[in-house]
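Nothing in this text is a laboratory measurement; each read-out follows from the coordinates by a stated rule. Computed from a prediction, not measured in an experiment: that's the story for all the values here. So basically every Cβ, Gly included, is an ideal-geometry build from the backbone, and we count neighbours across all protein chains shown.
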Amino acid sequence: MSQQMTGARMVVQALKDQGVDVVFGYPGGAVLPIYDELFQQNEIRHVLVRHEQGATHMAEGYARSTGKPGVVLVTSGPGATNAVTGMTDALMDSIPMVVLSGQVPTFMIGNDAFQEADTVGITRPCSKHNWLVRETDKLADTIHQAFHVATTGRPGPVLVDIPKDVQFAEGTYTPPAKARVSHYNPPVKGDITAITALVEMIEKAERPILYTGGGVINSGPAASQLLTELSDATGIPVTSTLMGLGAYPASGKNWLGMLGMHGLYEANMAMHGCDLMINIGARFDDRITGRLEAFSPNSLKVHIDIDPSSVNKVVRVDLPIIGDVGHILEDLLRIWKSRGRKVNSQAHAKWWAHIEEWKSVNCLAFKDGGDIIKPQLALQRLEALTKGMDRYITTEVGQHQMWAAQYLHFDAPNRWMTSGGLGTMGYGLPASIGVQIAHPEALVINVAGEASWLMNMQEMGTASQSRAPVKQFILNNERLGMVRQWQQLLHGERYSQSWSESLPDFVKLAEAFGAKGLRVDHPDQLDEAIREMIAYDGPVVLDCMVEKHENCLPMIPSGNAHNEMLLPSDEVRAITGAGASLV
Amino acid sequence: MSPLNIQQGSSAHSAYDLRDPYSEVIETHTLAVIVDNEPGALARVIGLFSGRGYNIESLTVAETDHQGHRSRITIVTTGTPQVIDQIKSQLARIIPVHEVHDLTVEGTSVERELAILKVVGKGDARIEALRLAEIFRANVVDSTLESFVFELTGVPSKIDAFADLMRPLGLSEIARTGVAALARGA
C-alpha cells in the first residue's frame, strides 16, 4: 500500500514502522515541519534535550542499554554540528544511532543560507554512512536504509539530512518491506574450517585466555550467554575491555576483571603469559595492548570480529574469523562438544595456579583514607549498597571511570554505558537519561567526576522535565584527576590547569534544576548518603567529596608492556623515554 | 595447532596469503574500486586515505556503467602488505563500495595512462621533439610554428621517460590522467 503524504509525515511514519518509541531532539527552523507532525501523534515520545550533544549521548545510552538504535532529531547548522561529538563517540564504540537533521531548502544549499552547514560533509568521517535526501519520494526509503546500515554488521551512527522543502513536499511513502534492499549485508556466519582450527587450538592450549570486547555485547544477549557457556565449559579465564564488561558475569568463576592500562594485574599478566589468546569482539586498542612489541609475545592470536578491517590493523593475528560473535560462538561450542569436549586439563591447572598467584597481589588494594573518602571506597560502598538491584551504570571520562570499571561488578550485558574509544567527557549524564528513558523503573546511576559532569550539566533540566530519576554520583576531587595524574607522572608535578576553581555548589545546582542535592565528605556518612540517593524518587546529584590527589592504579604506564604494571604498592615514578610522547 | 591447517582460499584467510604478510617492504598496488555513482562516493574514498594517512600515487574515476550508476575508481597506492590489506578492508567497509580488486595481486593486469604535453621550441629542438615523439608513438594533436601538443598513452614509466626527454626540448605543460587498469584475460 503506497501512500501520498508530506516528507515530514513520512519521517514520523518511517520511525513508527521502524519500531521507534522515543526520539531525543531539539527543534529549530529547518525541522519545524517534522516537529509539527510529532505534535500531532502520541506513539513516539520526544525527549527535549538542552543541547544536541546531550541528545546524541542519550541516544547512545538508550541504544547500549536496549540493543535498539537510538534516534536523534536536530535542526540544520549548529544543531547538526553539535551532534558531531556524539556521532564520533558512537562510531568509535560501535553504537547504532540514527540522526535525522534538518537542512536548508534544496534551492538554498550552497548559498551560505542562515543555519546552513555542509552536514553530510562534516559528518562523513564521523558516521558509518550518511545521506542528503533531495526528493521526497526517496525520503522514506532512505530512512529505512539508514536503520538497516546503523544496525547491520558492525553497528554505528548514520545521518539523514533532510532539506526543509523536502519535508513540506508531498511524495509517496515507501514501507520498510518495499524499501530498496541495500547491497550492504555483511555475513554473520564464520568460516567453519577456521572455527574448527580454533577448536583444535583450544583442545591443545596450555595457557589460553578469552579477551572479550564490546562486540560480544553488540551481538546480543545470546552471545554473552554463549561466551559464559564457553568459558565455564572449557575453564578458560576471561578478561574484557572496558566496552565488554558484563558479557561474562563478574561473579563468574573464570572472571579476571578488566584488562588494559588500568586493568587488573592478573588480567594483564595472563594476557602477557598466555599461549592462546582468543579475541572476541575487541580491537586491540592502544589502551589494551600497551607497548606493541612486547604485547603477549608467546601466544597464538585468534581474532573473532564482524569487521574485516579490525583484523591485522594493530596486532597481526594467526587466525582471523570474520562474522557475528553469537553465530561463531554457537558453531565453536557445537564443534568443540562434538569432538569430545577436550581441553588440556593438566596444563590448565598449572595456568590457574599462576593466575591465583597474580590475584593474590590484590592489585585493587588501597590505603584507608581516615576521615577522607577515598574514591575507591565510595565505589565499593556503591557496589555493596546496590548489589542485586535492577541497576544500570553510566560514567563520564577520567579516573572515576576507571575506578568504576575496577570496583563495580556487572553480571549481565547492557548494564554498563561508558565512552570508551573517544573518551568523551560529558557523556555520562545524558547517557544516564537515555538509559532511564528506556528503563523507567530501573536504578540508573552516573558515576561522574565533577569536571566531566559540568560539561553537559544542562541536561539536568532534561532529567527533571522528562521525569528521569537518574542518580548523579559525583566523585568530586576538585581536580581533572586523570590529567593531574599524568602531570604527576610525566610533567614533574606541574599541575597546569588541572584543578577546578569556582566550582558550583552542586547541592544548590541540583535544586536549581528541580532535582535533589546531597553532599557527603566523611566516610562515616557515605552509606547513608548513598541510601538516600537511591531511595529518592526523582533525579539526585550526590556531591561526594573525595581525596584530591589519589592516583588511579594499577596502571600500565604508556610505553610499557603488560608485565610492567605500576601497582598501588609501588613508588610512583615518572614516565620517561618513548612512553613520554604517547597519550 | 597451526593456522596453516586452514585451506588456502578459505574465507578465513586473505586470498593473497602467498605473500609474506609481515614484510616491511613498501609495495605499490593498483586497486580497482567499484562504487555507486552517488554524491559523496569519491569524497568517502579520498577521505579514507587522508583520514587514515594512506598514500595516493594516482587516482582516476569515471562512471563506467551508466545504467547501473556504477563508477570505477582506480587507485595506485603504496604501503607495507599490512597497510595495503588495511586499505582494502577499509575501502570495502564504505557503504557505496561494491567491490575492491587488488589488480597487483589478482594476476597480471594492463595499466595505461594518458598524458598531454606541450613542448615549446624552435629549430633543432623542435625537430628533435618530433623525432622522439615518433619513437614513443606520441601523436601530435595541436601544432603552431613554435609549439607541439603531444598525446601519449602508456604505462606511467613510459610517460615519465618521455617527459624527461622533452624537458630540455622545451616542455612547458603536462596533463596526466592517472592510471586506468584492468585485469588481463577473461
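So which trypsin sites (Lys or Arg not before Pro) in segment B:83-168 end up in coil per DSSP with only 15 or fewer other C-beta atoms within 10 Å?
Working: sites: B:Lys88, B:Arg93, B:Arg112, B:Lys118, B:Lys122, B:Arg126, B:Arg131, B:Arg137, B:Lys158; in loops: B:Lys122, B:Arg137.
Sites meeting the loop and neighbour criteria: B:Lys122, B:Arg137.
Could you give log10 I(q)/I(0) at q = 0.14, 0.22 Å⁻¹ for segment A:1-58, computed by the Debye formula over C-alpha point scatterers of equal weight, without solvent?
-0.40, -0.92
Please list the three semi-axes, largest first and in whole Å, of the ellipsoid equivalent to segment A:276-414, using sqrt of 5 times the eigenvalues of its alpha carbon gyration tensor.
On the way: eigenvalues 220, 78, 72 Å².
Those come to 33, 20, 19 Å.
Please give every one of the lysines within straight-line cross-link reach of B:Lys88, meaning a C-alpha to C-alpha distance under 26 Å, and leave out same-chain neighbours fewer than 8 residues apart.
A:Lys128, A:Lys189, A:Lys301, A:Lys313
Within 10 Å of each residue's Cβ, count the other Cβ atoms and sort A:Ile445, B:Ile84, B:Ile46 from fewest upward.
Details: A:Ile445 28, B:Ile84 23, B:Ile46 15.
By the 10 Å Cβ count, ascending, the order reads B:Ile46, B:Ile84, A:Ile445.
For segment A:338-491, take the alpha-carbon Rg, divide it by the Kirkwood Rh, and send me Rg/Rh.
Details: Rg = 18.9 Å, Rh = 17.6 Å.
Taking Rh as the inverse mean 1/r over Cα pairs, Rg/Rh reads 1.08.
Kindly put A:Glu396, B:Glu134 in sequence by how many other C-beta atoms sit within 10 Å of each C-beta, fewest to most. Could you put the intermediate results ahead of the total?
Working: A:Glu396 32, B:Glu134 10.
Arranged by neighbour count, lowest to highest, A:Glu396, B:Glu134 become B:Glu134, A:Glu396.
What number, in nm² with one decimal, is the all-direction average of the projected area of the convex hull of the alpha-carbon atoms of chain A? Numbers along the way, then the final one.
Values: hull surface 107.2 nm².
If I average the Cα hull's projected area over directions, I get 26.8 nm².
Round to a whole angstrom and tell me the spacing of the C-alpha centers of segment A:342-379 and segment B:21-98.
47 Å
If you build the convex hull over the alpha carbons only and average its shadow over all orientations, what do you get for segment A:63-188? Give it in nm² to one decimal. Could the numbers behind the result be given before it?
Details: hull surface 31.7 nm².
Taking a quarter of the hull surface, the average projection is 7.9 nm².
May I have the pair-distance distribution P(r) for segment A:434-567, computed from all Cα-Cα distances with 10 Å bins from 0 and rounded to whole percent?
The distribution over segment A:434-567 is 12, 36, 28, 18, 5, given as percents.
For chain B, set up a Gaussian network in which alpha carbons nearer than 10 Å are linked by springs, and say which option among B:Pro39, B:Pro156, B:Pro81 fluctuates the most.
B:Pro39
When only Cα pairs under 8 Å and 6 or more residues apart are kept, what is the percent relative contact order across chain A?
Details: 1330 pairs, mean separation 80.9, N = 583.
Over chain A, the number comes to 14 percent.
For A:Lys387, which lysines qualify as cross-link partners when the Cα separation must be under 19 Å and same-chain residues fewer than eight apart are set aside?
A:Lys253, A:Lys471
Cut-off is 10 Å between beta-carbons; in what order do B:Thr77, A:Thr394, B:Thr177, B:Thr28 appear when sorted fewest neighbours first?
Values: B:Thr77 23, A:Thr394 32, B:Thr177 16, B:Thr28 12.
Placing the least packed residue first, the sequence is B:Thr28, B:Thr177, B:Thr77, A:Thr394.
Please report the orientation-averaged projected area of segment A:204-321, defined via the convex hull of its C-alpha atoms, in nm².
Details: hull surface 26.1 nm².
For the Cα atoms of segment A:204-321, the hull's average projected area reads 6.5 nm².
Can you give the % of DSSP beta bridges in segment A:407-541 that are antiparallel, to the nearest 5? Before the final figure, lay out the partial values.
Values: 1 of 10 bridges.
The antiparallel fraction comes to roughly 10 percent.
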